[in-house]
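Everything below concerns the one structure shown next.
The values are calculated or read from the model by the stated rules, or taken from the named source; none is laboratory data. Quick caveat: nothing in here was measured; it's all calculated off a predicted structure. So basically every Cβ, Gly included, is an ideal-geometry build from the backbone, and we count neighbours across all protein chains shown.
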């Protein structure tokens with residue numbers, strides 16, 4: 001974890017010059033890595049990797065990247081953010097390891113939750129690796145399905 005933290009902080013210090021934004025990014029990074037570390041502890045304890053656990057661990061690459069990119073842009077004065085998929089209504093069929101987007105529901109939800117932000121000029125990063133099923137959290141999207149929203 002410390003090596004991963006060091007690598008992300010090295011990149012962050014190159015992209016973010018504001019001490020205020022670095023402090024917030026550092027707190028967020030530590031929070032993300034703490035969650036990842038707990039997953040690894042659980043994995044070490046159970047000695048069993050399930051498709052759900054693989055998906056959960058695999059989602060951290062996007063979490064870390066989305067947070068870093070949105071923070072770097074905000075530090076440069078741009079309106080930028082990242083949104084958790086379940087907060088804006090990305091919905092899948094619920095198949096861990098090979099999920100597919102429910103395009104009609106997701107499209108409707110994105111128009112409602114994401115389009116207003118885009119119309120305001122916000123740059124929004126949306127992690128698609130972990131999204132929501134009808135009942136709570138679900139697996140990542142399979143392939144590269146994209147739903148385009150127009151301004």
Mind checking which pairs have a first residue in the range 8-32 that is on the phi > 0 side of the Ramachandran plot and modelled with pLDDT of 95 or more and a second that is surrounded by 14 or more Cβ atoms within 10 Å (Cβ to Cβ) and not in a helix (DSSP H, G or I), Cβ under 9 Å, 6 or more apart or different chains?
-> none
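Listed here are the residues, each with its yes/no results for (1) more than 18 Å from the chain's Cα centre (by Cα); (2) in a loop (DSSP other than H, G, I, E, B); (3) over 23 Å from residue 120 (Cβ atoms).
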site: 21; (1), (2), (3): yes, no, no
site: 30; (1), (2), (3): no, no, yes
site: 36; (1), (2), (3): no, no, yes
site: 44; (1), (2), (3): yes, no, yes
site: 48; (1), (2), (3): yes, yes, yes
site: 56; (1), (2), (3): no, no, yes
site: 66; (1), (2), (3): no, no, no
Confirm whether residue 61 is within 15 Å of the chain's Cα centre (by Cα) and surrounded by fewer than 14 Cβ atoms within 10 Å (Cβ to Cβ).
-> yes
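Looking at 43, 69, 73, which is the one that is touching a helix residue (DSSP H, G or I) at 6+ places or on another chain (Cβ under 8 Å), surrounded by 15 or more Cβ atoms within 10 Å (Cβ to Cβ) and on the phi < 0 side of the Ramachandran plot? Give the derivation first.
Working: 69 fails: touching a helix residue (DSSP H, G or I) at 6+ places or on another chain (Cβ under 8 Å); 73 fails: touching a helix residue (DSSP H, G or I) at 6+ places or on another chain (Cβ under 8 Å).
Of the residues listed, the single one that is touching a helix residue (DSSP H, G or I) at 6+ places or on another chain (Cβ under 8 Å), surrounded by 15 or more Cβ atoms within 10 Å (Cβ to Cβ) and on the phi < 0 side of the Ramachandran plot is 43.
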